[in-house]
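The values are calculated or read from the model by the stated rules, or taken from the named source; none is laboratory data. All figures in this text were calculated on a predicted structure; none of them were measured in a lab. Glycine also receives a Cβ, built like all others from the backbone with ideal geometry; neighbour counts cover every protein chain displayed. Side chains are part of the model used for accessible areas, which takes the heavy atoms of the whole protein and leaves out ligands, DNA and RNA. Shrake-Rupley method; radii C 1.70, N 1.55, O 1.52, S 1.80 Å.
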Number of protein chains: 4
Amino acid sequence: MSPTGSRVRDAAIELFAERGFHGTGIRDLAERAGLSSATLYHYMGTKEDLLVSIMTTSLGRLLTAGERLTADGDPLARITALVELHVLTHAVRRLETRVVDDEMRSLSPDHRATVVALRDRYEHLWQDAIDTGCATGAFHVRAPRVARLALLEMCGGIARWYTPDGPIPLEQLALRYAEMALGVLGAAGPPPELAVDSVRRTMALVDEIWLPD
Amino acid sequence: MSPTGSRVRDAAIELFAERGFHGTGIRDLAERAGLSSATLYHYMGTKEDLLVSIMTTSLGRLLTAGERLTADGDPLARITALVELHVLTHAVRRLETRVVDDEMRSLSPDHRATVVALRDRYEHLWQDAIDTGCATGAFHVRAPRVARLALLEMCGGIARWYTPDGPIPLEQLALRYAEMALGVLGAAGPPPELAVDSVRRTMALVDEIWLPD
Amino acid sequence: MSPTGSRVRDAAIELFAERGFHGTGIRDLAERAGLSSATLYHYMGTKEDLLVSIMTTSLGRLLTAGERLTADGDPLARITALVELHVLTHAVRRLETRVVDDEMRSLSPDHRATVVALRDRYEHLWQDAIDTGCATGAFHVRAPRVARLALLEMCGGIARWYTPDGPIPLEQLALRYAEMALGVLGAAGPPPELAVDSVRRTMALVDEIWLPD
Amino acid sequence: MSPTGSRVRDAAIELFAERGFHGTGIRDLAERAGLSSATLYHYMGTKEDLLVSIMTTSLGRLLTAGERLTADGDPLARITALVELHVLTHAVRRLETRVVDDEMRSLSPDHRATVVALRDRYEHLWQDAIDTGCATGAFHVRAPRVARLALLEMCGGIARWYTPDGPIPLEQLALRYAEMALGVLGAAGPPPELAVDSVRRTMALVDEIWLPD
DNA sequence: CATGAATGAGGTTTCATTCAT
DNA sequence: CATGAATGAAACCTCATTCAT
């Protein structure tokens with residue numbers, strides 16, 4: 001993407017995350033991007049197109065990463081990786097992920113369907129890991145669907161408060177969330193050194209997936 | 001409040017929850033309440049005043065309930081009750097709670113400060129229970145502040161999907177969330193029959209607190 | 001008029017004078033009068049009716065007084081009395097007279113015609129005195145119509161700044177204006193003691209005319 | 001200024017003068033300027049900004065002209081020039097000057113302060129000439145401050161009735177006002193041919209000062 | 001006598017978007 | 001590639017007024 005195009009996109013991510021889609025005006029976007037509002041339209045379709053593009057890109061990357069991480073491994077390894085992915089992504093890409101999580105309602109029906117389909121595929125990775133783990137006896141959960149919803153909210157919530165200046169390094173945060181998630185699922189975690197290895201692998205993937213931006 | 005005033009308030013809760021504050025127009029409100037947009041202004045100040053009133057009322061009730069439930073009891077009982085309260089309120093009052101959780105950013109600085117102060121008092125009840133439980137050895141958490149944030153997100157998330165028509169009765173849902181929360185905190189739960197008693201007590205309080213509406 | 005009716009009228013005079021007719025809202029009037037805006041309508045017709053009533057009353061009294069003062073006397077005495085009348089009225093009834101002078105343009109055509117007719121009758125008293133004085137050689141003016149307009153503006157202007165707390169007593173002010181007016185007309189004034197007598201007589205008339213209010 | 005910008009400004013001057021600031025709607029302005037009401041906002045800030053700009057420009061020019069005319073000369077010459085300036089400006093620029101004289105009350109406090117400061121500087125030129133003339137014995141006035149106020153009202157009043165179609169040429173009108181003003185001040189005027197010269201010089205300045213518009 | 005409730009019309013200003021240059 | 005100019009629609013809110021109680 002052209003550098004100016006990126007500026008537009010970045011401006012949109014910042015403002016949509018901060019003020020919401022309907023709370024952000026075209027002029028706000030233009031000002032933040034350092035352009036006139038007319039010029040904006042060289043780099044985007046409508047305001048909603050911009051939102052859709054942000055959401056599909058972000059969700060698409062999350063899905064790609066999720067699929068790679070769950071291509072093999074036992075349920076415990078898979079859910080651990082998904083939790084790490086979700087937490088790290090929501091921390092490293094706070095703004096994009098907030099837009100994805102909060103602005104679904106601002107989409108028109110057609111666009112919403114597209115985005116929801118992506119999200120469903122992603123969430124299916126979670127549900128599958130949870131269900132399999134319940135079947136194998138690795139997890140002890142009485143309402144697996146509820147567990148999925150609870151875990152997703154819990155892990156995604158980090159985007160509402162995370163800052164890199166906080167007292168706990170991000171790697172440690174991811175470990176804590178992984179522990180909490182396994183607590184939710186009634187599972188025992190792996191030994192610490194394996195857990196650290198897992199987080200580092202996931203972090204590397206997150207960096208790779210978001211690199212081209 | 002006058003019946004018409006209630007209709008205005010209810011319309012606002014529905015629409016703010018569904019479309020967001022900035023996504024809801026005065027005409028939408030008027031139409032939903034069955035009034036002309038001019039008449040709306042007999043029952044509210046500005047649109048933001050209406051939002052503030054909804055948020056402070058809702059948060060105020062949650063805080064009152066939380067304070068009552070944590071007036072005594074050991075940390076396990078207190079955190080259990082708070083989880084139940086949060087889950088039940090977010091299920092029974094899906095719309096209000098979504099507005100409270102999502103529209104903080106739509107408030108002007110002054111109003112935001114007021115609302116944030118209320119929320120902080122409420123969240124302090126959680127932090128206090130968690131910290132005490134960690135100190136007594138009832139909980140095993142390495143990052144108590146993170147645990148609080150994670151639990152609040154997890155439990156509040158129910159407002160994003162709950163419907164009374166779902167396959168799991170609300171009482172059971174609350175029990176599941178309590179179990180998951182104790183898993184997050186690395187704690188063992190009480191025997192089932194005591195847990196049911198607790199949920200029923202909390203449900204009664206929720207009903208009472210929200211009655212006058 | 002009922003005491004409440006007077007309050008309404010007084011409120012209108014104050015606010016119309018201060019903010020102008022279009023700058024004054026019905027609610028402003030109601031608040032100033034200590035009534036609800038609905039109750040206002042027991043004491044007036046439309047907002048414009050209220051304006052018309054204020055203007056015709058005020059102009060009517062000025063006209064009555066002017067006619068009395070010019071019923072006899074030579075041109076110098078008549079113009080002196082008119083100047084005194086105009087100045088004293090605009091000082092003692094600053095607000096009414098400002099409304100009369102400034103809000104003609106806010107009247108609808110019909111009402112305007114009525115008010116203009118009154119004003120014309122009043123101004124004719126001035127023109128007549130001036131013209132007669134020119135004919136008798138008492139005044140030396142090359143453009144008598146312009147002189148009339150200039151004098152009326154000059155004398156009425158006192159309503160834009162007069163306050164009873166000023167350093168110069170009102171009686172003195174009236175004398176100064178009379179002197180200036182005669183200067184405008186190229187006429188010599190009467191001896192001081194006669195001038196004072198005249199002002200006092202005019203002041204008494206002003207008090208009488210405005211008494212019933 | 002762009003031609004369209006001028007049209008907006010001209011429309012505002014006409015309508016504010018005719019109907020008053022509060023009596024003029026944005027749609028009236030747009031219609032008069034031949035624009036949509038949205039387009040109006042490319043050429044102005046708020047409606048009040050437009051008013052402020054009109055007032056400061058107009059007053060600023062009057063002040064500049066006044067300063068030039070009173071840079072030297074004896075009190076009689078200075079006051080004569082000021083009277084001519086005031087009269088000619090109020091005749092040639094009837095609408096602007098009416099807005100300046102009538103709409104001070106429509107300004108918000110901050111803007112009002114700015115405009116009042118300009119007006120005070122302008123009026124100070126008058127007061128200074130009057131006071132000096134009294135000191136030198138050129139004028140005979142017992143209340144110099146009152147004289148200033150009276151003269152300003154008298155001369156500015158021409159904007160309320162002047163039309164170029166009237167029976168008296170503007171140059172003659174200015175002479176008549178100068179004579180009347182000297183009458184107010186108890187002063188004898190210059191011989192006719194000098195007076196005519198003075199008016200012509202002042203008229204040239206007025207034309208020059210208002211040219212760039 | 002007084003008012004709360006109600007409203008259609010209109011207030012000023014901003015919206016997202018287009019297009020000629 | 002960039003923008004100033006333009007606009008219909010809509011934003012939030014207030015207007016003057018009526019009427020049942």
- [ ] Could you give the spread of the C-alpha atoms of the stretch B:21-134 along their three principal axes, from largest to smallest, in whole angstroms?
- [x] 54, 28, 21
Open item on the list: I need the inter-copy label distances for B:Gly45: point set 7 Å along Cα to C-beta, values in nm with one decimal, smallest first.
Closed with: 2.7, 3.9, 4.2
Task: Area accessible to solvent at D:Lys47, 1.4 Å probe radius, in Å² - done: 40 Å²
TODO: Could you give me the radius of gyration and the Dmax of the stretch D:1-44, taking only the C-alpha atoms into account and expressing both in angstrom?
DONE: 9.4, 26
Open item on the list: Nearest 500 deg cm²/dmol is fine: what mean residue ellipticity at 222 nm does the protein assembly as shown get from its DSSP H runs of n ≥ 4 alone, each adding -39,500 (n - 2.57), divided by its residue count?
Closed with: -24000 deg cm²/dmol
TODO: On each of the three principal axes of the Cα atoms of the protein assembly as shown, give max minus min coordinate, whole Å, ordered largest first.
DONE: 125, 63, 46
Task: Cα-based Rg of chain C normalised by 2.2 N^0.38 Å, two decimals - done: 1.08
Open item on the list: For peptide B:149-161, what's the mean number of Cβ atoms from other chains within 10 Å of each residue's Cβ?
Closed with: 6
Task: Rounded Å value of the spacing that divides the Cα centres of the stretch C:97-163 and the stretch D:84-161 - done: 20 Å
Task: Accessible area of chain A belonging to carbon and sulfur atoms, whole % at 1.4 Å probe - done: 53 percent
Open item on the list: Using protein chains only and a probe of 1.4 angstrom, how many square angstrom of C:Asp165 are accessible, to the nearest 10?
Closed with: 140 Å²
- [ ] Would you mind listing the distances between the A:Thr4 label point and the same position in each other copy? Use 7 Å along Cα-to-C-beta, nm, one decimal, shortest first.
- [x] 2.2, 5.4, 6.8
Task: A:Ile13, D:Ile26, reordered so the largest accessible area comes first (probe 1.4 Å) - done: D:Ile26, A:Ile13
Task: Nearest residue to the symmetry axis between C and B, taken on chain C by its Cβ, in whole Å - done: C:Ala38, 3
Task: Estimated FRET transfer efficiency when R0 is 56 angstrom, pair C:Glu208-D:Thr39 (beta carbons, to 0.05) - done: 0.45
Task: Averaged over B:104-112, number of beta-carbon atoms from partner chains that fall within 10 Å - done: 1
Open item on the list: Positive end of the dipole of chain B, charges at C-beta (+1 Lys, Arg; -1 Asp, Glu), about the Cα centre: which of B:Val100, B:Pro169, B:Thr64 has its Cα farthest in that direction?
Closed with: B:Val100
Task: Dipole magnitude (debye, nearest 20) for the stretch A:1-44, charges at Cβ of Lys, Arg, Asp, Glu - done: 80 debye
- [ ] Mind grabbing the interface size between D and C? I mean buried accessible area, both sides, 1.4 Å probe, in Å² to the nearest hundred.
- [x] 2600 Å²
Task: Residue order for A:Glu67, A:Glu153 - accessible surface, 1.4 angstrom probe, largest first - done: A:Glu67, A:Glu153
- [ ] Name the residue farthest towards the positive end of the dipole of the stretch A:47-210 from the options A:Ala178, A:Gly189, A:Thr114, assuming +1 on Cβ of Lys and Arg, -1 on Cβ of Asp and Glu, about the Cα centre.
- [x] A:Thr114
Open item on the list: If each label sits 7 angstrom from Cα along the C-beta direction, how far apart, in nm, is B:Arg121 from its counterparts in the other copies?
Closed with: 4.9, 5.5, 7.0
